[in-house]
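The values are calculated or read from the model by the stated rules, or taken from the named source; none is laboratory data. This one's a predicted model, so the numbers in the text were calculated from it and none came from an experiment. Here the Cβ positions follow ideal geometry from the backbone for every residue, glycine too, while neighbour counts run over all protein chains shown.
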Amino acid sequence: MESERILHILNYLTRSTNETKSVTVREILGHLAANFDLQNVSALTVRRDIDRLITAGYDIRITHGAHNTAYYALWGRGFSFNEIRFLVDSVSINQFLSEKQKKQLIRKFEVFCSEEELRRLVSRVVIAGQVAPSTDLLRNLEQVHSLIAAKQKINFEYGKYDTGRQMQFYSKKREMIPVRVVYFDGRFYLRCVNEETGAERTYRIDRMRDIREGGKAKRAAKLSQPDGVQLDMFQPERYAAVTFRADRVLLDDMLEHFGKYADVQPDDDPQRVRIRVRIGIGPSFYRWVMGYGSQLEVL
């Protein structure tokens, strides 16, 4: 009963106080009586419980008002409200989580908020045109990370869409060594290495199903390092230095893609710029270039 009472007090301080709002012992007693039928708790008991919470490391601030009335507020919840807002928005826009999973995760962040802050969390960022996930991404990520940590090979079924727009899963013995999880362009990928040949493969984790361990990896696998810009998660056929001539309005977009690899020079046409960059050449390169139409040339 004592431990439950302390938890009730902690929860009330969490939900009802913050850096700008405090409560009195009388308000705490009223909360305990109204919600948990704890009618016989004394003011001294509440003060002792608060002292125990402070001793346990909770940042409970005590101020005094008129008639020397003590006011209590819980500070330092572990996350600031802006941090919680960022985390909640990140969960809300995740395209791989179902609505049920999002609600479950968001509830876990809400325990760090006061009632006033909860009202401010009502607004949510949403994704336009979201497609429901075909697999349980959180479970897949947990299984993949476990196999990487255990240095086990990985096997799984892998999904691809058929002409009827249905996801079809294919099973085969892969025995790949999982090396690294990478987040790229809004998706989670698993980079793997074939132990026998050293060939690298990349798989979308949201397309995996029935993940299971293979044999123990005989040695640590290493991934090759990119020798320039990679436009997607898949290995290019080769790397080469390429000079582009682009409309000046594309300069921001080019620099965001190329980053430190880009060398920008003026062009004879003041409405255009030249950009030289070492970049991976493969199917994704040609698709990317054609996507800009006449605004981008390869020299």
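Of note:
- Residue within segment 202-219 that is within 25 Å of residue 260 (Cα to Cα) and in a strand (DSSP E or B) present: yes
- Any hit, segment 23-45, residues being touching a Ser or Thr at 6+ places or on another chain (Cβ under 9 Å) and in a loop (DSSP other than H, G, I, E, B): yes
- Taking segment 46-60 as the range and being of a type outside the set (A, V, I, L, M, F, W, C) and without any contact (Cβ under 8 Å) to a residue 40 or more places away in the chain as the test, the residues that pass are 47, 48, 51, 55, 57, 59.
- Flag: residue 79 does not match the condition of being under 30 Å from residue 206 (Cα atoms), in contact with a helix residue (DSSP H, G or I) (Cβ under 6 Å, 6 or more places away or on another chain) and either hydrophobic (A, V, I, L, M, F, W, C) or exposed (fewer than 14 other Cβ atoms within 10 Å of the Cβ) (or both).
- Selection status of residue 258, in contact with a helix residue (DSSP H, G or I) (Cβ under 7 Å, 6 or more places away or on another chain), surrounded by 14 or more Cβ atoms within 10 Å (Cβ to Cβ) and either closer than 30 Å to residue 97 by Cβ or not aliphatic (A, V, I, L, M) (or both): no
- Any hit, segment 17-29, residues being in contact with a Lys or Arg (Cβ under 7 Å, 6 or more places away or on another chain) and not assigned by TED's automatic domain parsing to the domain that holds residue 187: yes
- Within segment 63-86, residues that are more than 21 Å from residue 11 (Cα to Cα) reach partners that are at pLDDT 80 or above with beta carbons closer than 8 Å, at six or more positions or on different chains, in the pairs 64/70; 64/71; 65/71; 69/24.
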